[in-house]
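Notes to accompany the following structure.
The values are calculated or read from the model by the stated rules, or taken from the named source; none is laboratory data. Quick caveat, the model's predicted, so the values are computed rather than measured. For neighbour counting, all protein chains shown are included, and Cβ atoms are generated from backbone atoms with ideal geometry for every residue, glycine included. Surface areas here come from the heavy atoms of the whole protein model, side chains and all, with no ligands, DNA or RNA. Shrake-Rupley method; radii C 1.70, N 1.55, O 1.52, S 1.80 Å.
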Amino acid sequence: MYILVILCSLIFAIFLSVVVFILALYNWRWPSHRKLCRKIPSPKMMSIFGVGLDLVRVKHAEILDYFGNLLKQHGPIVYIEYMGMSNVILSQPQDIELVLNNSQHISKGLEYRSILPWLCDGLLTSTGTKWHTRRKMLTPTFHFKILDNFIPIFNRNAKLLTKKLASASAECSAVDVDSYVSLCTLDIICETAMGMTLDFQLGEASEYVSAIKITGEIILRRSLTFWMTNDFFFNISPTGRQFRKSVGQLHQFTENVIKDRKAKYEPNYAYNEENEIGKQKQRKSFLDCLIEMQRENPNEMTDEGIREEVDTFMFEGHDTTSVAITWTLFMIACHEDVQAKLYEEMQQVFGDSDRDATYQDLQQFTYLEMVIKESLRLYPSVPYFSRLLTTELKIRDYIVPPNTNVSIIPYLVHRNTNIYPDPEKFIPERFLPQAAKERHPYAYIPFSAGYRNCIGQKFANLEEKVVISTVLRRLKLSTEMKKDELSVLPQVILRPFPKIKISFAPR
């Protein structure tokens, strides 16, 4: 009992010290930094906690609505404080462009600290010279000739997914779509990014998939719980221990695959070219490209650097694409007229043929392109991102000083009634060429925009087209769920709650 009292006293003393430190930091920055920031419209805030206590009371599914209400009440630019952190929320395309289209503002926001133990200093989280160098090195790996070679991988896994959905729907009618789609996209990214065929769709639920979901949930929980923003308290908590365990599983998976690929790597192999008769033709994966970069520039691409980028590819190429496909299939299932138009487009391209889709076929899917874009407008896979200013930024009549976090919430930007009338309605025709041309280019940002736009957006677009078209050619979708019945859970990605269930019937 005596030891317990001492332990509790020690924890309280540490907590008090942290609060005093944050308070000192708060007061130290106030004269210059906060005086400028507080000229920007803001809600009432409590001392050093800012809006922290408000966020604790907000339900997970209402977080985006909370920020949306702030913008409605205080205008298109809002300033908030959170445990000593200054944060400016932008909602207008012209203001967002000032940040995203400026090469000085490429540093990711402070919230990304929570993802660093997983992705470390990869392309998503790095900044400065390292980011510029890596971006320049990695851009050629997304050339359309390389992406074209991935189409057979997309087709093979999409057909297997279709069979799985049909079989599951025959047994239990409505299917938890994401649980199947996530395994499909994981198989695809493993083969394209790592060159490994792991057949997750043929096995049971993957520990890797579970670890990704647990990690994402904890990252969000930490960002919204003000006492967990402190590394010490987070690390000693059960949640922190669970986080380290999940991240360890993710790193172990990646390291094993990299080690195996390096052992099998053939530096002089003529990938994607005509090889000797009788020798099997192979495809170059992203990992092969990274291994080649390391051999050519060992100082620029270390073993740790390879793992950072592979982890980043695996996250951005698996989970974000999976949830985008899931939301799009749900929108199609909810709108019979849209599904009919899509099937007609499939018939025009394929007729009664059962052949695989080609790169050229995908360029003809103009209506499918609009459907995917409208789904991403309503449900952007990444609902939130931010930048940490390193230089002063002038927005309208305000001066935003350095070391201020600038937040951009695509989920809310895409619901601006001045840009998208009836924003909650699913209208693919919003993305007819002329309609899209008349909008501000930063009014639609599901893949971010500007200097740090998503390097893999073409990859994701092709994958989504192949998977969705393959399912639609063979199966008819329907659902008893309504859009208004679903909540959105903004974790690292935007997940539905409850889980989306769709019925699939053979055509």
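Some points to look at:
- Candidate set: region 430-451, residues that are assigned to a loop (DSSP other than H, G, I, E, B) and more than 18 Å from Ser381 (Cα to Cα); chosen: the one least open to solvent (accessible area, probe 1.4 Å): Arg439
- Criterion: touching a strand residue (DSSP E or B) at 6+ places or on another chain (Cβ under 8 Å), open to solvent by 40 Å² or more (accessible area, probe 1.4 Å), aliphatic (A, V, I, L, M) and over 25 Å from Phe286 (Cα atoms) - qualifying residue of Ile395, Ile427, Ile399: Ile399
- Just one of (1) surrounded by 12 or more Cβ atoms within 10 Å (Cβ to Cβ); (2) modelled with pLDDT of 60 or more; (3) closer than 29 Å to Ile399 by Cα fails for Val19. It is (2).
- Residues of region 169-178 satisfying the condition of being in a helix (DSSP H, G or I) and either in contact (Cβ under 8 Å) with a residue 40 or more places away in the chain or among the β-branched types (Val, Ile, Thr) (or both): Ser169, Val177, Asp178
- Failed criterion for Ile214 (all others in (1) in contact with a helix residue (DSSP H, G or I) (Cβ under 9 Å, 6 or more places away or on another chain); (2) farther than 18 Å from Val310 by Cα; (3) open to solvent by less than 40 Å² (accessible area, probe 1.4 Å) hold): (3)
- Residues that are free of Cβ contacts under 8 Å to residues at least 12 places away in the same chain and not basic (Lys, Arg) within region 95-125 comprise just one, Leu116.
- Within region 85-140, considering residues that are in contact with an Asp or Glu (Cβ under 8 Å, 6 or more places away or on another chain) and charged (D, E, K, R), the one least open to solvent (accessible area, probe 1.4 Å): Arg134
- When region 304-354 is filtered for residues that are of a type in the set (Ser, Thr, Tyr), open to solvent by 10 Å² or more (accessible area, probe 1.4 Å) and part of a helix (DSSP H, G or I), the ones remaining, listed by number, are Thr320, Tyr343.
- Per the listing Leu123, Leu64, the residue uniquely outside any loop (DSSP other than H, G, I, E, B) and among the aliphatic types (A, V, I, L, M) is Leu64.
- Scope region 141-160; condition open to solvent by less than 30 Å² (accessible area, probe 1.4 Å) and part of a helix (DSSP H, G or I); matching residues: Thr141, Phe142, Leu147, Ile151, Ile153, Phe154, Asn155, Asn157, Ala158
- Count of region 62-80 residues, restricted to those that are closer than 28 Å to Asp231 by Cβ, open to solvent by less than 20 Å² (accessible area, probe 1.4 Å) and touching a residue at least 40 places away in the same chain (Cβ under 8 Å), is 3.
- Among (1) open to solvent by 10 Å² or more (accessible area, probe 1.4 Å); (2) at pLDDT 85 or above - the single one Lys59 does not satisfy: (2)
- Filtered by the rule that a residue be open to solvent by less than 30 Å² (accessible area, probe 1.4 Å) and closer than 22 Å to Arg156 by Cα, region 463-501 gives Glu463, Glu464, Lys465, Val466, Val467, Ile468, Ser469, Thr470, Val471, Leu472, Leu475, Leu477.
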